[in-house]
Each structure stands twice: as structure tokens, then as C-alpha cells.
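Participant: Quick one: the structure is below, questions incoming.
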Amino acid sequence: MVDVVHEAGLIAKPECGIQFGTGDDTEVTELDALGLSHPFKIVNAAKRFLDAGVERIMIESEGITENVANWRTDVIQEVIRQLPADKVIFEAADPAVFNWYIREFGADVNLFVDHSQIVQLSCLRQGIWGMGDTFAKITAYPPMRMGF
């Protein structure tokens with residue numbers, strides 16, 4: 001599929017996850033009954049996509065920080081350990097989630113958020129918004145721009 005997308009002149013940006021077809025309407029107890037997926041499942045899929053030449057991979061939040069009783073930080077940690085940071089984008093479905101990512105991995109972690117949360121995320125990255133564990137504690141120094 002990646003080859004077909006690239007041959008059409010498009011950029012393949014696949015989404016990898018540990019739980020598919022769950023959607024926001026699926027109850028957490030229903031998903032718990034399916035059991036937990038191993039972090040290597042998502043890492044192996046992502047590595048195959050990278051080997052196929054994709055530019056970026058989105059890590060789906062369902063089953064990790066969304067629709068779960070407890071966040072699967074083990075999955076996130078394994079992704080961070082095993083995959084190049086510049087090739088991974090984590091879905092961060094709400095402010096508590098992107099606040100956690102910024103706190104744990106810094107202001108430059110690649111995040112995908114809803115368009116309505118861009119201002120909050122941008123302010124968090126600059127240290128002018130945040131929750132108790134991040135407000136005024138995050139510092140980012142963007143490159144200086146020269147010229148007009």
C-alpha cells in the first residue's frame with residue numbers, strides 16, 4: 001500500500017496502534033475484556049512502515065491513553081526507545097495527555113492534537129500555559145530568525 005501511495009505522488013503517513021476499531025463509543029470494560037496488546041506489536045508495525053520508506057508514523061492513542069482505565073505508558077516508552085523521534089507523531093486526544101507528553105519528553109515531542117487545542121498546546125510548549133506539573137516549568141528556545 002505504501003508503494004501505491006508513493007507511486008501516486010502522495011506521502012504515506014500511516015497510523016499504528018495497539019487497538020483498532022475501538023472508537024470513542026466503545027466502553028473501557030469492553031476493551032479490557034479483549035486483553036492487552038504487547039508494545040512490540042506497534043513498534044514492529046512502525047518499523048515495517050519505516051523500512052518501506054514512509055516519512056512519519058502516527059501513533060494512535062486508542063488503547064494507549066484513550067479508552068483505557070490506565071494509560072499504557074509502557075507502549076509509549078517502547079516507541080520512544082525503539083523508533084526515531086523525528087519519525088513519530090503521537091496522537092494526544094486531550095490537554096491532560098499532551099501535558100503529560102510535554103512534561104515527560106520535552107516541548108519538541110511531535111504531537112497530533114485536535115485543531116481546537118492548538119493554542120493550548122502552543123502555549124504549553126512556550127511555558128505560558130499548563131497544569132500544575134508543567135505551568136511555567138517548560139522552556140523552549142526556538143531558533144532566532146534573522147532578517148525581515
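What follows draws every value from the coordinates through simple rules; no lab data is involved. These figures come from a predicted structure and were not determined experimentally. Backbone-built Cβ (ideal geometry, glycine too); neighbour counts: all protein chains shown.
Participant: Hey, fewest Cβ within 10 Å first, where do 91, 7 land in order?
Facilitator: Working: 91 20, 7 8.
The order, fewest Cβ neighbours first, is 7, 91.
Participant: Ok, one more. Just for the Cα atoms in the range 92-140, what are the lengths along the principal axes, largest first, rounded to whole Å?
Facilitator: Largest to smallest, the principal-axis extents are 24, 17, 17 Å.
Participant: Arranged by the count of other C-beta atoms within 10 angstrom, fewest first, what order do 6, 115 take?
Facilitator: Details: 6 15, 115 6.
Lowest count first: 115, 6.
Participant: Mind grabbing the base-10 log of I(q)/I(0) for the range 42-148 at q = 0.15, 0.16, 0.17 Å⁻¹? Debye formula, identical points on the C-alpha positions, no solvent, two decimal places.
Facilitator: -0.68, -0.76, -0.84
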